[in-house]
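Reading through the structure tokens given below for one structure.
The values are calculated or read from the model by the stated rules, or taken from the named source; none is laboratory data. All figures in this text were calculated on a predicted structure; none of them were measured in a lab. Cβ placement follows ideal geometry from the backbone for every residue including glycine, while neighbour counts extend to all protein chains displayed. For the accessible areas, the whole protein counts, side chains as well, though only heavy atoms, and no ligand, DNA or RNA atoms are used. Shrake-Rupley method; radii C 1.70, N 1.55, O 1.52, S 1.80 Å.
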Amino acid sequence: ETDPDFVGKMARDVLEAAQKNFPHQLAIQQRLFRIYEGLEQRERSTAIFESLAGPDASPMETMAAVDMARTLFPKDDPKALARVDKLLKEASARTPRDRVLARAASEHFRTTGRVPEAVAVLAGHVAADPSSLELRTRLGILQLAADTPADGEKTLLEVLAVDPRQALAHQTLAKLYRKQDRVTEALPHAAEALKIRGGDPSQFLALADEFL
């Protein structure tokens, strides 16, 4: 029977040789990280994390470092959380147009209970790339979640001014207006969302009844 440690060490040696020839290949670094962790060589895996968490890291390197941090540090470690916060904020400031990074960073802050920080990340992204309508819509939704309804409404209306077929923006505005007892404003958005996305006959009939 093959010794798993032996196999791991063989793979490690191959990848370490490859890394010397291709020092900036992210896929090699990620694989080495997993091998070092499997061999309980935490010092080496931490070194890879640190190499990807530098001030000039690309968006992909930053996101890889954030993923590694989940393995290296306890979930409730405040210092580790602060380090990840800093990585994502600095990377977002360096490359605000990157949509994948903006989504990942905003989700990090949202899922850790800090919606205003999530809003700030997406606001920076949308300012740099106004054509990013999916994340612009997401910004509007988060602004509503952050108890800034006027900002959220404005953002969602701006999305629809660019592309009236953004169903989620219509749906969210319909929900907001109903919550604010602005039913006459909610109904056209509800109708547009249903037309764009489709629905079963009962949904169309229920909406028609609201118009009557």
Item to check | Counted residues, region 48-86 - those being in a helix (DSSP H, G or I), more than 21 Å from residue 24 (Cβ to Cβ) and either without any contact (Cβ under 8 Å) to a residue 24 or more places away in the chain or open to solvent by 40 Å² or more (accessible area, probe 1.4 Å) (or both) | outcome: 9
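Out of curiosity, is residue 151 over 30 Å from residue 54 (Cβ atoms), of a type in the set (D, E, K, R) and assigned to a loop (DSSP other than H, G, I, E, B)?
Numbers: over 30 Å from residue 54 (Cβ atoms): yes; of a type in the set (D, E, K, R): yes; assigned to a loop (DSSP other than H, G, I, E, B): no.
Spelling it out, it is not the case that residue 151 is over 30 Å from residue 54 (Cβ atoms), of a type in the set (D, E, K, R) and assigned to a loop (DSSP other than H, G, I, E, B).
Please tell me if residue 110 is within 30 Å of residue 173 (Cβ to Cβ) and either free of Cβ contacts under 8 Å to residues at least 12 places away in the same chain or under 13 Å from the mean Cα position of the chain (by Cα) (or both). Spell out the reasoning first.
Working: within 30 Å of residue 173 (Cβ to Cβ): yes; either free of Cβ contacts under 8 Å to residues at least 12 places away in the same chain or under 13 Å from the mean Cα position of the chain (by Cα) (or both): yes.
For residue 110, the condition - within 30 Å of residue 173 (Cβ to Cβ) and either free of Cβ contacts under 8 Å to residues at least 12 places away in the same chain or under 13 Å from the mean Cα position of the chain (by Cα) (or both) - is met.
Would you call residue 19 in a helix (DSSP H, G or I), at pLDDT below 95 and under 27 Å from residue 109 (Cβ atoms)? Working first, answer last.
Working: in a helix (DSSP H, G or I): yes; at pLDDT below 95: yes; under 27 Å from residue 109 (Cβ atoms): no.
No.
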Checklist outcome for this item: Within region 109-132, the count of residues that are buried (at least 21 other Cβ atoms within 10 Å of the Cβ) and either modelled with pLDDT under 95 or within 17 Å of residue 90 (Cβ to Cβ) (or both) comes to 5
Checklist entry - Can you find a residue in region 2-22 that is more than 20 Å from the chain's Cα centre (by Cα), within 28 Å of residue 80 (Cα to Cα), open to solvent by 60 Å² or more (accessible area, probe 1.4 Å) and not aromatic (Phe, Trp, Tyr)? => result no
Next on the checklist: It is to be established whether one or more residues within region 89-100 are part of a helix (DSSP H, G or I), farther than 16 Å from residue 140 by Cα, β-branched (Val, Ile, Thr) and out of contact with any Lys or Arg (no Cβ under 7 Å at 6 or more places or on another chain).
Outcome noted: yes
Checklist outcome for this item: Exception for residue 168 within (1) open to solvent by 30 Å² or more (accessible area, probe 1.4 Å); (2) part of a helix (DSSP H, G or I); (3) without any contact (Cβ under 8 Å) to a residue 24 or more places away in the chain falls at (3)
Checklist outcome for this item: Those residues of region 89-108 which are among the small types (Gly, Ala, Ser) and surrounded by 17 or more Cβ atoms within 10 Å (Cβ to Cβ) amount to 91, 92, 102, 104, 105, 106
Checklist entry - Got at least one residue in region 153-163 being crowded, with 20+ Cβ neighbours inside 10 Å and of a type in the set (Lys, Arg)? => result no
Checklist entry - What is the number of the single condition among (1) open to solvent by less than 60 Å² (accessible area, probe 1.4 Å); (2) farther than 23 Å from residue 63 by Cα that residue 135 does not meet? => result (2)
